[in-house]
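Asker: So that we are looking at the same thing, I have put the structure below in structure tokens.
The values are calculated or read from the model by the stated rules, or taken from the named source; none is laboratory data. Worth saying up front: this structure is predicted, and the values here are computed from it rather than measured. Positions of Cβ are generated from backbone atoms using ideal geometry, with glycine treated the same way; all protein chains shown enter the neighbour counts.
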Amino acid sequence: MEASDLFSKYEKDDLELITDQHIRIALDNTRVGFWELDLFTYEMRCTGTCKENVGLTTDSHLDYPTLLSLIHPDDLPQMNESVRNAIENEGQKYQSEYRIVYANSPIRCVKADGIALFENGKAVKMIGTTIDITDRKLIELQKDELINIVNHEVNTPLTSIRGYLKLLARLTAGSANEKVNQVIERTSRSAERLKNIINDYLSISQKTDGWLKHRNQVFRLDELIWEIADNVQTISFTHKIQVGAMPCVWIEGDRQGIGQVLSNLLTNGIKYSPNRNTVDVNLTIYGVMLKVAVRDYGIGIAQKDIKNLFKKSFRVDNGADSEGSGMGLNISEEIVYRHHGQIGVDSREGMGSIFHFSLPFVKLLHS
Ligand code: ADP
């Protein structure tokens with residue numbers, strides 16, 4: 001395979017149109033550096049821009065040991081691994097992102113791409129490019145910071161507001177003042193809506209990184225179900241959440257993510273069963289998997305809409321008086337998939353719905 005075949009997204013016709021001048025303009029704009037590395041002598045040749053990309057001047061000397069010494073020690077293992085992969089497997093791309101720590105200069109971030117060239121089945125040379133991605137990384141950092149601010153500075157006071165509302169609801173429970181009860185209920189609903197919007201925003205922001213952030217831990221799913229059912233119960237004045245008898249079961253995964261899935265399904269169960277008063281949650285084991293089912297007795301879903309339910313921003317146009325972003329099920333699906341599970345729904349219009357998801361478990365104590 002030609003090295004160019006691996007990377008080129010251009011058709012032959014396109015390539016004929018591209019002149020040297022085009023290439024010069026592109027190189028000036030993108031500041032691409034070029035390098036090659038002899039795999040016998042480890043002698044390295046590179047262009048001026050390649051040196052600039054790692055913080056050196058165009059006339060300085062850059063050899064392979066110097067390059068390795070400039071790379072942040074935490075980033076070296078993945079870079080070495082990618083080099084090894086490319087050398088050992090013909091046709092495997094070398095791709096790496098690393099930080100450059102040079103003297104007193106601010107840290108730079110570099111993206112390197114390349115390929116090993118083979119002769120008689122043996123890698124003899126690597127060639128490739130570098131670009132400076134410091135600005136992009138800075139923007140990503142700022143975005144992460146904003147997400148952290150939203151997460152802590154907004155979510156924390158909101159959790160207190162929800163807690164105080166819950167207390168207020170307890171203190172005034174059974175009071176004859178209908179108006180006060182109504183105000184508390186509406187405020188609680190708004191706080192809950194705000195919390196869901198923030199959660200959706202946080203999930204979407206993390207999703208744009210290519211993947212929702214996954215925090216792995218081993219935890220008891222039955223305990224999490226109780227916890228979330230309890231949280232959702234505190235803000236529902238209309239429905240009782242009934243949790244069935246559950247086995248004591250450990251799973252491995254993202255506790256917060258699975259909690260978000262449960263919370264989405266339970267709040268949907270309540271939201272889309274306005275004239276009913278119960279939502280059931282059950283946890284059962286089958287084989288090596290477990291199944292969580294959230295059942296409501298509400299408006300149900302027409303057959304034609306079921307296939308779209310888990311799509312981004314999809315909301316059924318059934319005149320239901322509810323607010324939402326249409327993101328909850330889409331995010332839930334992604335979280336469940338990442339845990340090697342499945343999510344689905346059984347529903348009939350006017351007859352309620354059962355949303356269920358399966359997950360592999362790591363340990364079952366007793367039923
Ligand atoms: P949201 O509830 O924020 O609109 P979701 O992604 O959670 O977004 O749900 C997408 C759509 O699926 C909802 O707008 C609603 O039309 C439908 N839906 C979800 N859960 C239920 C349910 N339990 N009963 C009936 N319809 C539902």
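Asker: With the requirement that a residue be over 15 Å from S313 (Cα atoms) and either small (G, A, S) or away from the ligand (no atom under 12 Å from the Cβ) (or both), what does region 193-203 give you? If you could, list the steps in order and put the result at the bottom.
Answerer: Taking region 193-203 first, the residues over 15 Å from S313 (Cα atoms) are 193-195, 198, 202.
The answer is L194, K195, I198, L202.
Asker: Kindly indicate which of S313, S332 is near the ligand (Cβ under 9 Å from one of its atoms) and closer than 20 Å to E227 by Cβ. Even if it seems obvious, please write down each step before you answer.
Answerer: Numbers: S313 fails: closer than 20 Å to E227 by Cβ.
Result: S332 is the single residue among S313, S332 that is near the ligand (Cβ under 9 Å from one of its atoms) and closer than 20 Å to E227 by Cβ.
Asker: Consider I241 against the criteria (1) farther than 12 Å from V281 by Cα; (2) within 15 Å of the ligand (Cβ to nearest atom): it satisfies all of them except one. Which criterion is unmet?
Answerer: So I241 meets the others, but not (1).
Asker: Tally up the residues in region 334-361 that are among the basic types (K, R) and out of contact with any Gly (no Cβ under 9 Å at 6 or more places or on another chain), please.
Answerer: 0
Asker: May I ask you to say which residue of R295, R338 is among the basic types (K, R) and within 11 Å of the ligand (Cβ to nearest atom)? Let's see the steps before the verdict.
Answerer: Working: R338 fails: within 11 Å of the ligand (Cβ to nearest atom).
The conditions single out R295.
Asker: Taking the options D75, D113, D59, name whichever one is assigned to a helix (DSSP H, G or I) and either modelled with pLDDT under 90 or not assigned by TED's automatic domain parsing to the domain that holds D230 (or both). Talk me through it step by step, then tell me what you get.
Answerer: Working: D113 fails: assigned to a helix (DSSP H, G or I); D59 fails: assigned to a helix (DSSP H, G or I).
The unique qualifying residue is D75.
Asker: Search region 345-362 for residues being within 12 Å of the ligand (Cβ to nearest atom), at negative phi and part of a strand (DSSP E or B), and hand back the single one that is surrounded by the fewest Cβ atoms within 10 Å (Cβ to Cβ).
Answerer: Of region 345-362, the ones within 12 Å of the ligand (Cβ to nearest atom) are 345-356.
Imposing the further condition that a residue be at negative phi reduces the set to 345-349, 351, 353-356.
With the extra rule that they be part of a strand (DSSP E or B), the set shrinks to 345-348, 353-356.
Values: V345: 17, D346: 15, S347: 23, R348: 11, S353: 25, I354: 16, F355: 24, H356: 18.
Residue satisfying both the conditions and the ranking: R348.
Residue by residue, here is whether (1) closer than 22 Å to P360 by Cα; (2) without any contact (Cβ under 8 Å) to a residue 60 or more places away in the chain holds:
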site: N275; (1), (2): no, yes
site: V292; (1), (2): yes, no
site: D317; (1), (2): no, yes
site: N330; (1), (2): yes, yes
site: V336; (1), (2): yes, no
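Asker: Using the structure shown, decide if E81 is part of a helix (DSSP H, G or I), without any contact (Cβ under 8 Å) to a residue 12 or more places away in the chain and not assigned by TED's automatic domain parsing to the domain that holds S203. It would help to see each step written out before you state the result.
Answerer: Values: part of a helix (DSSP H, G or I): yes; without any contact (Cβ under 8 Å) to a residue 12 or more places away in the chain: yes; not assigned by TED's automatic domain parsing to the domain that holds S203: yes.
The answer is yes for E81.
Asker: Right, next: Could you please find all residues in region 164-212 being over 19 Å from S263 (Cβ atoms), at pLDDT below 80 and within 34 Å of the chain's Cα centre (by Cα)?
Answerer: T208, D209, G210, W211 - these are the residues of region 164-212 that are over 19 Å from S263 (Cβ atoms), at pLDDT below 80 and within 34 Å of the chain's Cα centre (by Cα).
Asker: Another question about this same structure. Being crowded, with 20+ Cβ neighbours inside 10 Å, within 13 Å of the ligand (Cβ to nearest atom) and at pLDDT 90 or above, is that true of even one residue in region 246-256?
Answerer: No: zero hits.
Asker: Looking at region 290-310, is at least one residue assigned by TED's automatic domain parsing to the domain that holds I228, under 26 Å from I198 (Cα atoms) and under 20 Å from the mean Cα position of the chain (by Cα)?
Answerer: yes
Asker: When region 42-65 is examined, which residues are found to be under 15 Å from D28 (Cα atoms) and not acidic (D, E)? Don't jump to the end; show me each part of the working.
Answerer: We begin by selecting, within region 42-65, every residue under 15 Å from D28 (Cα atoms); these are 47-53, 58.
Of everything in region 42-65, those that are under 15 Å from D28 (Cα atoms) and not acidic (D, E) turn out to be T47, G48, T49, C50, K51, N53, T58.
Asker: Identify all residues within region 275-292 that are within 21 Å of M327 (Cβ to Cβ) and within 12 Å of the ligand (Cβ to nearest atom); write none if there are none.
Answerer: Taking region 275-292 first, the residues within 21 Å of M327 (Cβ to Cβ) are 279, 292.
Matches in region 275-292: V279 only.
Asker: Could you run through region 6-58 and say how many residues are in contact (Cβ under 8 Å) with a residue 40 or more places away in the chain and over 19 Å from C109 (Cβ atoms)?
Answerer: 7
Asker: Give region 233-244 a look and list any residue that's surrounded by 15 or more Cβ atoms within 10 Å (Cβ to Cβ) and in a strand (DSSP E or B), or say none.
Answerer: I241, V243 - these are the residues of region 233-244 that are surrounded by 15 or more Cβ atoms within 10 Å (Cβ to Cβ) and in a strand (DSSP E or B).
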